[in-house]
Structure formats: structure tokens, C-alpha cells
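Q: Once you've had a glance at the structure underneath, I'll fire off some questions.
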């Protein structure tokens, strides 16, 4: 019993930092069985707040770096667009790229005594994809991030051929032969700075020679039309237009929807309640005629919130999401016209 209460106290403290259940703290401490753990919870809350503040300082230091034009953080990854006039490395006039920015963060983390596992990975982009979609909490870049994380099983910030083939088998995007062909045509060779400053043996480049970085992966996914930023109207409401619209290939839809849904399912109970639904409507400016129809039907029929399937139907009905097979000339893709099927 004591260990269960201790674990619950830890979870409570972690959720406190996210603004969850703060009003219940007095009730929590008022229970006799929990009272001995109140000091522990308060200490955990303080530690979480201090760590959260330090990590925010770390992110701010990257955003203010003189070579950084724009920076977007998703989970523990920093997506960076460098300034066009950013200095070049002195070695063979090759840009030092993401490794320099990661070293910068490591030094700051050491100075501020931040654990290394909290230091964000850095992925340098030529530009942020779908800039219009950054007005919402889940953008085109978030979708690319989800897919890249699905492929990068080793979490080493690049994709090897084996990982890409495994992903294609799971998603049925390409056959093994097509996956190899696409991978080899899209992956970039390591830069001079990556070779010279890599922590690996610089004369053993077999793995990095066949690696695909996020920029390569982004180009592949967007050119293949697997996801896209587009424009749709709400079904049954010709005047209803959401703030943004996306197309997502049906073969990767569930991977993306699960993460999209989780942004609004804060208590992780698999249901979106009225306050979650209201936030979704406000974020995407959903046409109320289409959105309310689905929410009202679900509540009346099941006396519950929206589940993942309802969430998908709501996005499709409101014109935020279209799914189907993409138009593409790449191997393994079939030129079926995208549809708004749920």
C-alpha cells in the first residue's frame, strides 16, 4: 500500500507541473493515508519545477543562438532553421551544422547541471515545412516528426536502410526492393564536419554512409505526397472552412492520429471530454455545424467523450483532415484520388 501511494505521489507531482489537478492538492493532503507523503510531493513538485525551468533556459539559449533563425521544439527534439548568413566552418568551408548546436547545448547543460538525457537532439532544416500550419498545436512538422520517430528505432537521429525497410513493411508504403531504391536515392552523404567530428571511427563510415537524416526523410515523404498541407471545406457545410487542412496517407494515418489525439487527451483516459473538444474547436476554428453534429451524437449515444475513431471522424467532417492514397509517381505509390473517407 505504501509503495502504491508513493508511486501515485510521484505521478501527482509530475502532473502538477503540467497544471493538472492543482485544486485537488488540499484534498490529497487531507486524506490520512496520504498525509505522510505530502512533504514528498511538495519536494517532488519543487524539483520538477526547477528542472522544467532549467530545460526552458536551455531551449531559450538555443533559440537565441546567433546562427539560429527559427527553432521549434517537439518532444525532446529541436528543429532549427539557420540564418542564411550563418558563419561557415573553417575546415573546407563546410557548414558545421547540427553537431555544433548540440555541443553548444551540452556545454550549457553541464554549466547548469542539467542531466544529459534532457538535452534536446538538434535537427537542422533548410526551412520549416508547411509554415502556414504552425498556427495550430499539431502541424505538418509534428506529423513528419512522428513518422521519423517511428522509423528511427535506434533513436540515434538518423535512419539506416534496415530501419527504413522495416518501416515500409509495417506501413506497406514500399516493397523491400522499392524501399532500397528510394532510400539510396534520397539519403545524403555525410558532410566533411560530420566525418571529422563524429564520435565514431572516421574510417568506418559504412553505417553513416547509408544513413538518412531528417531533411532527406522530410523530402521523401513530402515528394511522395504521403502527408501534405492542403485546403478542404467541411462536409455538408460549404461555408465552413477550418483554419488549416491536411492530407494524410491512409497507410500512416493511425500512427499520426494517435499522437494528434494525445495532445488533447491530457488525462490519457482515451476520451475527449467537453473541455478537450472545446479546445480542439478553438485551435482549428472548426465549423460548428459539422463538429457539433458528431460530438452531440457521440454524447447522446454512448454518454461518453470522443474516442480515437470519433476524433478522426470529427477532423474529416470538419475539413481538417482528408485521407486516402496519394498522387505520386514514386515506386509503390498508386495515383488514386484522395478521398475524405473516415
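The values are calculated or read from the model by the stated rules, or taken from the named source; none is laboratory data. As the structure is a computational prediction, the values presented were derived from the model and not from experiment. Neighbour counts run over all protein chains shown; Cβ positions are idealised from the backbone, glycine included.
Q: Within the stretch 268-324, which residues are under 21 Å from residue 232 (Cα atoms) and not in a helix (DSSP H, G or I)?
A: Hits for the stretch 268-324 are 285, 286, 287, 318, 319, 320, 321, 322, 323, 324.
Q: Here's a follow-up. Starting from residues that are in a helix (DSSP H, G or I) and buried (at least 18 other Cβ atoms within 10 Å of the Cβ), keep the ones in the stretch 109-145 and report whichever is modelled with the lowest pLDDT. So that I can check it myself, show each step before the final result.
A: Let us first name the residues in the stretch 109-145 that are in a helix (DSSP H, G or I), namely 109-111, 116-118, 131-135, 140-145.
Keeping just the survivors that are buried (at least 18 other Cβ atoms within 10 Å of the Cβ) gives 109, 133, 140-145.
Working: 109: 88, 133: 76, 140: 94, 141: 95, 142: 96, 143: 97, 144: 97, 145: 97.
Per the criteria, the residue is 133.
Q: Do we find that residue 94 is outside the structural domain of residue 250 (by TED's automatic domain parsing), in contact with a helix residue (DSSP H, G or I) (Cβ under 9 Å, 6 or more places away or on another chain) and modelled with pLDDT of 90 or more in this structure?
A: For residue 94, the condition - outside the structural domain of residue 250 (by TED's automatic domain parsing), in contact with a helix residue (DSSP H, G or I) (Cβ under 9 Å, 6 or more places away or on another chain) and modelled with pLDDT of 90 or more - is not met.
Q: Does residue 65 meet the test of being out of contact with any strand residue (DSSP E or B) (no Cβ under 7 Å at 6 or more places or on another chain) and at pLDDT below 85?
A: It is false that residue 65 is out of contact with any strand residue (DSSP E or B) (no Cβ under 7 Å at 6 or more places or on another chain) and at pLDDT below 85.
Q: In addition: Quick check: anything in the stretch 250-263 at pLDDT below 95, in contact with a helix residue (DSSP H, G or I) (Cβ under 9 Å, 6 or more places away or on another chain) and crowded, with 20+ Cβ neighbours inside 10 Å?
A: Scanning the stretch 250-263, I find no residue that is at pLDDT below 95, in contact with a helix residue (DSSP H, G or I) (Cβ under 9 Å, 6 or more places away or on another chain) and crowded, with 20+ Cβ neighbours inside 10 Å, so the answer is no.
Q: Sticking with this structure for a sec: Give just the number: which of (1) out of contact with any helix residue (DSSP H, G or I) (no Cβ under 8 Å at 6 or more places or on another chain); (2) touching a residue at least 12 places away in the same chain (Cβ under 8 Å) does residue 177 not satisfy?
A: (2)
Q: Something else about it: Kindly establish whether residue 101 is surrounded by 21 or more Cβ atoms within 10 Å (Cβ to Cβ) and at pLDDT 90 or above.
A: No.
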